[in-house]
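Note sheet for the following structure.
Every number here is computed from the coordinates shown, using simple stated rules; none is lab data. Because the structure is a prediction, the values reported are computed rather than measured. Cβ sites come from the backbone with ideal geometry, for glycine too, and all protein chains shown count toward neighbours.
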Amino acid sequence: MNLKKINEDLKEALIENGITEATELQLETFSPIKSGADLVIQGGKKTGKTTAMVVNVIHKLKEPFQESPRALILVNDKPMLLEVLELFELYNKKNKLRVFGTHDKTDLDEDKNLISLGIDVLVGTPNKLNQMFSSAGFNVNTLQVIHFDDIDVLLKNRHESVIMRLMESIQKGQRVFFCNKITERVEILADNIMKDPVFLEMDE
């Protein structure tokens, strides 16, 4: 894949799955995401937003390490969760990061027990993640990056207050919004939970 200095194990997995050329969005956002800046990234359908998100998480974390998650990904619902987990299944085979998904219908106690065994990436819906992080004993200090897949959809579905509460409990970590369109609500939320956000708009 034509991304500069991409993790070799990740590169091999991408090639094995037929991905040899990055989309424009993936090319233009790879370095900004690597820089650690807080970002708002706009891209239409088929620009590769979700793949860009997964690829950058794998590239950043590289390999299993410690018990608590280092990356958090917020998704709108179970179907989106399954899509993200499927991409990790494809591209994470050589890096072997421990990825766990949770949504509104999963059992909280069972989720916490499984997470306690050690994970690197936690993917979930806002309500379940807020419920999980509000309970005692969950370490958020290890989080290095928080990605929001289709933040405009999350806001449209009235998750704003839950996201605000969740982010109040997470002081550290790069924040990255992926969206179909940078709306006024997206801009307001970015100003509220990000530090000097950078806005990147990609054509379809």
Say each of residue 171 and residue 96 gets a label point 7 Å from the Cα, pointing the same way as Cα to Cβ; how far apart are those two points in nm? 3.5 nm
Taking the Cα centre of the range 8-201 as origin, sum charge times position over the Cβ atoms of Lys and Arg (+1) and Asp and Glu (-1), and report the length of that vector in debye to the nearest 20. 180 debye
Residue 86 versus residue 8: modelled label distance in nm, points set 7 Å from Cα along the beta carbon direction: 3.2 nm
Across the range 65-70, in residue order, what do the Karplus-derived ³J(HN,Hα) couplings come to in whole Hz, using 6.51 cos²θ - 1.76 cosθ + 1.60 with θ = phi - 60° and x for Gly and Pro? 6, 6, 9, 8, x, 10
Antiparallel content of DSSP bridges confined to the chain, in %, to 5: 0 percent
Between residue 65 and residue 105, how high is the FRET efficiency from 1/(1 + (r/R0)^6) when r is the Cβ-Cβ distance and R₀ = 41 Å? Nearest 0.05. 0.85
Please list the radius of gyration and Dmax for the chain, considering alpha-carbon atoms only, with Å as the unit. 15.8, 44
Lys/Arg Cβ at +1, Asp/Glu Cβ at -1, dipole of the chain taken about the Cα centre: which of 154, 87, 57 is farthest positive-ward? 57
Using θ = phi - 60° and the Karplus relation 6.51 cos²θ - 1.76 cosθ + 1.60, list the HN-Hα couplings for the range 38-46 in order, rounded to whole Hz, with x at every Gly or Pro. 6, 10, 10, 10, 9, x, x, 5, 6
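Can you sort 23, 47 so the residue with the fewest Cβ neighbours within 10 Å comes first?
Going from sparsest to densest Cβ surroundings: 23, 47.
Kirkwood Rh over alpha-carbon pairs of the range 94-204, then Stokes-Einstein at 37 °C and 0.692 mPa s: what D in µm² s⁻¹, rounded to an integer? Each step should come with its number before you reach the end.
Values: Rh = 15.1 Å.
In µm²/s, the coefficient rounds to 217.
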Karplus-derived 3J(HN,Hα) from phi for the range 82-90 (6.51 cos²θ - 1.76 cosθ + 1.60, θ = phi - 60°), whole Hz, x at Gly and Pro, runs 5, 5, 5, 4, 5, 5, 4, 4, 6
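Computed over the Cα atoms of the range 16-129, what is the ratio Rg over Rh, Rh following Kirkwood? Write down the numbers at each step before the final one.
Details: Rg = 14.4 Å, Rh = 15.0 Å.
Result for the range 16-129 is an Rg/Rh of 0.96.
Among 29-36, 125-132, what's the highest-first ranking by average C-beta atoms within 10 angstrom per residue? The partial results should precede the final answer.
Details: 29-36: 16.8, 125-132: 19.9.
Ranking the peptides 29-36, 125-132 by packing returns 125-132, 29-36.
Order the peptides 9-16, 157-164 from the highest to the lowest mean number of other Cβ atoms within 10 Å of their residues.
Answer by packing, highest mean first, reads 9-16, 157-164.
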